[in-house]
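The values are calculated or read from the model by the stated rules, or taken from the named source; none is laboratory data. Here the structure is a predicted model, which is why all the values come from computation and not from measurement. Cβ sites come from the backbone with ideal geometry, for glycine too, and all protein chains shown count toward neighbours.
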Amino acid sequence: MSRHQEFIEFGKRPEIAVAIGTFVLLLAIYWTTDLFTADEAVAFGTLFLALITAITVYTNQQQTKYMRKELKFMRRPRLSIHHENEDDGGMIVFENTGQVPVEATVRISLAPIGETESDDPILNNELQYEELPDEVKVYKGGAGDWRKTTEFLEPGQKQKYVIGMFGHEMTVRDDDYGLEDFHWIRIDGQLTSTLSETDTRDIQRLFQYSINNSHVIFSSYSFDEARKQE
């Protein structure tokens, strides 16, 4: 932006326009009347120059403060957890959808919907992962140990896992497991920006999934919606 354009933008600010207009009015009064002397006009001009300077400094401070807040909001750690259709039932995906590198610590719990009541711990988002019963935690079957899995993801980077691994987990737990059965997948974790260790936020997600002839039904649910299901 050129100096001329900056001056035009400067004059468009309402508070500055009022100050300039008032100063011009005082000059007009001075030249057309005898209400005050030349020294008094200079004094008024100095005061208004100081006022404009103060207003400009304050405006710039407020703009800088707003931009810092906006930058902090844009650089907050973000993680998308979703399903992508691929061969053999597709993938459960952890994707960094933010603008900064993140460390994602993830814990997964799994339970058959047909055996889950509305008051079961896995559907209680007030309970921390550590308070859930061991039998719903994913850590000893074909899905591997998900009691504390950590991923480091750059912006836009994805980490994918075959969603069929949860079927192996249920097979280990129960010989009557059927791929067509619906299950709750609960994901508890933490996101931390690798740029600022103080920017850490908890995540809780609940999904429903079933596999039928390699076709996956995968949906996101709120904990309230899940508790209301019959």
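For this structure, a couple of remarks:
- Of residues in segment 130-162 being surrounded by 18 or more Cβ atoms within 10 Å (Cβ to Cβ) and under 22 Å from the mean Cα position of the chain (by Cα), the one modelled with the lowest pLDDT: 149
- Inspection of segment 163-179 identifies no residue that is loosely packed, with under 15 Cβ neighbours inside 10 Å, part of a loop (DSSP other than H, G, I, E, B) and at pLDDT 80 or above.
- Residues (surrounded by 13 or more Cβ atoms within 10 Å (Cβ to Cβ) and at pLDDT below 90) located in segment 198-213: 199, 200, 201, 209, 210, 211
- Residue among 79, 71 that is at pLDDT below 75 and closer than 30 Å to residue 201 by Cβ: 71
- For segment 140-151, a residue qualifies if it is touching a residue at least 40 places away in the same chain (Cβ under 8 Å) and of a type in the set (Lys, Arg), and the qualifying residues are 147, 148.
- The one condition in (1) within 21 Å of residue 204 (Cα to Cα); (2) free of Cβ contacts under 8 Å to residues at least 60 places away in the same chain; (3) among the hydrophobic types (A, V, I, L, M, F, W, C) that residue 52 fails to fulfil: (1)
- Pairs with Cβ under 6 Å, 6+ apart, first in segment 117-139 and in contact (Cβ under 8 Å) with a residue 60 or more places away in the chain, second among the β-branched types (Val, Ile, Thr) and part of a helix (DSSP H, G or I): 122/136
- In segment 123-149, the residue that is nearest to residue 174 (Cα to Cα) out of those that are in contact with a Lys or Arg (Cβ under 7 Å, 6 or more places away or on another chain) and part of a loop (DSSP other than H, G, I, E, B) is 141.
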